Amino acid sequence: MTIAEIQDNAKTKMSKTKDVLRSDLMAIRAGRANPQLLDRITVDYYGSQTPLKSVANISAPEPRVLQINPFEARLVKEISRAIQASDLGLTPSNDGKVIRLMLPELTEERRKDLTKLVRKTSEESKVAIRSIRRDAVDQVKKLKKNGEITEDDQKKAEEQIQKLTDANIKDIDKITADKEKEIMEVR
């Protein structure tokens, strides 16, 4: 493996880590209805757990309402049960064909709790980024030990990996700050 391959591999892994963070943060409610809030919900569909978005259309017709249109009418009860069993704390209402979720106004205390959750998730992503950096640096050191690269090449590669790490951690900080601002914003 070459230095360029090690760096590309680290860059790809760090990018995926940021994508996972964005995905996780989208599932955290920020006061307005967002269909991605239901991404983690699974429904019993013919004996197997299937993601909700695979068995229904989810939309946000109003800022504080999520509407779920199941592809099959028999799924209304299953979807309602799955939402009630989830950790979202929402109570679904349905008319037999469509399920509606009313999102209550977030209290100041709940906003602060959500902000703590965002910071925790962000810190986990930073730890993952640092772990990727450590692995890449170890691979570069192995190349040096095997005599495949010079000491100067090793130092340059380690500096570039550190710059990549710093840039990704800065991106994570920005993503986190944006989400915190979104949560604390009172409408």
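For this structure, a couple of remarks:
- Residue match in region 24-38 (condition: modelled with pLDDT of 85 or more, over 30 Å from Ile161 (Cα atoms) and either in contact with a strand residue (DSSP E or B) (Cβ under 7 Å, 6 or more places away or on another chain) or not hydrophobic (A, V, I, L, M, F, W, C) (or both)): no
- Residues within region 145-187 that are assigned to a helix (DSSP H, G or I), more than 30 Å from Pro63 (Cα to Cα) and of a type outside the set (A, V, I, L, M), tallied: 16
- Complete set of residues in region 80-103 that are touching a residue at least 40 places away in the same chain (Cβ under 8 Å) and part of a helix (DSSP H, G or I): Ala82, Ile83
- Screening Arg110, Arg133 for residues that are surrounded by 15 or more Cβ atoms within 10 Å (Cβ to Cβ), free of Cβ contacts under 8 Å to residues at least 40 places away in the same chain and not β-branched (Val, Ile, Thr) leaves exactly one candidate, Arg110.
- Search result, residues across region 16-35 that are in a helix (DSSP H, G or I) and in contact (Cβ under 8 Å) with a residue 12 or more places away in the chain: Thr17, Lys18, Val20, Leu21, Arg22, Ser23, Asp24, Leu25, Met26, Pro35
- Of all residues making up region 35-65, the number that are open to solvent by less than 40 Å² (accessible area, probe 1.4 Å) and within 22 Å of Thr121 (Cβ to Cβ): 4
- Residue in region 68-79 that is nearest to Arg40 (Cα to Cα), counting only those that are outside any helix (DSSP H, G or I) and open to solvent by less than 40 Å² (accessible area, probe 1.4 Å): Ile68
- Residue in region 167-181 that is at pLDDT below 90, open to solvent by 70 Å² or more (accessible area, probe 1.4 Å) and of a type outside the set (Phe, Trp, Tyr) present: yes
- Residue within region 136-150 that is of a type in the set (Asp, Glu), surrounded by fewer than 18 Cβ atoms within 10 Å (Cβ to Cβ) and more than 30 Å from Leu52 (Cβ to Cβ) present: yes
- Just one of the listed residues (Ala85, Ala136, Ala128) is small (Gly, Ala, Ser) and under 18 Å from the mean Cα position of the chain (by Cα), namely Ala128.
Each row is one residue, and each column tells you yes or no for (1) among the hydroxyl-bearing types (Ser, Thr, Tyr); (2) touching an Asp or Glu at 6+ places or on another chain (Cβ under 6 Å); (3) assigned to a helix (DSSP H, G or I).
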| site | (1), (2), (3) |
| --- | --- |
| Lys112 | no, no, yes |
| Val118 | no, yes, yes |
| Lys126 | no, no, yes |
| Ser131 | yes, no, yes |
| Ala136 | no, no, yes |
| Leu143 | no, no, yes |
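The values are calculated or read from the model by the stated rules, or taken from the named source; none is laboratory data. Note that this is a predicted model, so its numbers are computed, not measured. Note that each Cβ is placed from the backbone with ideal geometry, even for glycine, and that neighbours are counted across all protein chains shown. All accessible areas refer to the heavy atoms of the entire protein, side chains included, with ligands and DNA or RNA removed. Shrake-Rupley method; radii C 1.70, N 1.55, O 1.52, S 1.80 Å.
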